[in-house]
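Peer 1: Mind looking over this structure? Questions follow.
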Amino acid sequence: MSLSMLKMYISFAGMLLLLIAMGLILLARYKLNGWFAEIVSILAYLSLISGGLIIFYIVFSGPTG
């Protein structure tokens, strides 16, 4: 597997984490309440941070040659 393909799959994982974060944040804010909403929010923000870091790494690692 080439480096370009590996970066593509890693970026897909980052985008998936960002989509999961978006869904979990909406779920926690509008459908859940109590301590379960707090747990879901924590998971959502952790996936948001990790997805953002992955995308940040992919964008700033530069082109593959």
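The values are calculated or read from the model by the stated rules, or taken from the named source; none is laboratory data. Because the structure is a prediction, the values reported are computed rather than measured. No Cβ is skipped: glycine too gets one built from the backbone with ideal geometry, and neighbour counts run over all protein chains shown. The area values use the complete protein model at the heavy-atom level, side chains included, leaving out ligands, DNA and RNA. Shrake-Rupley method; radii C 1.70, N 1.55, O 1.52, S 1.80 Å.
Peer 1: Enumerate by residue number the trypsin sites (Lys or Arg not before Pro) in the chain meeting two conditions: DSSP loop (anything except H, G, I, E, B), and at most 16 other Cβ atoms within 10 Å of the site's Cβ.
Peer 2: Loop-located and lightly packed - LYS31.
Peer 1: For segment 12-65, what % of the accessible area comes from carbon and sulfur atoms, probe 1.4 Å?
Peer 2: The nonpolar share, carbon plus sulfur, comes to 77 percent.
Peer 1: Moving to a separate point now. State the label only: which of (i) 16.2, 50; (ii) 15.0, 45; (iii) 14.8, 51 corresponds to Rg and Dmax of the Cα atoms in Å computed from the shown model?
Peer 2: (iii)
Peer 1: A further question on this structure: What number comes out for accessible area per residue over the chain if the probe is 1.4 Å? Units Å², please.
Peer 2: I get 75 Å² per residue for this part.
Peer 1: Using helices alone, what [θ] at 222 nm do you get for the chain, with -39,500 (n - 2.57) per DSSP H run of 4 or more residues, divided over all residues and rounded to the nearest 500? Let's see the in-between values first.
Peer 2: Working: 2 runs with 54 residues, N = 65.
Computed ellipticity for the chain at 222 nm equals -29500 deg cm²/dmol.
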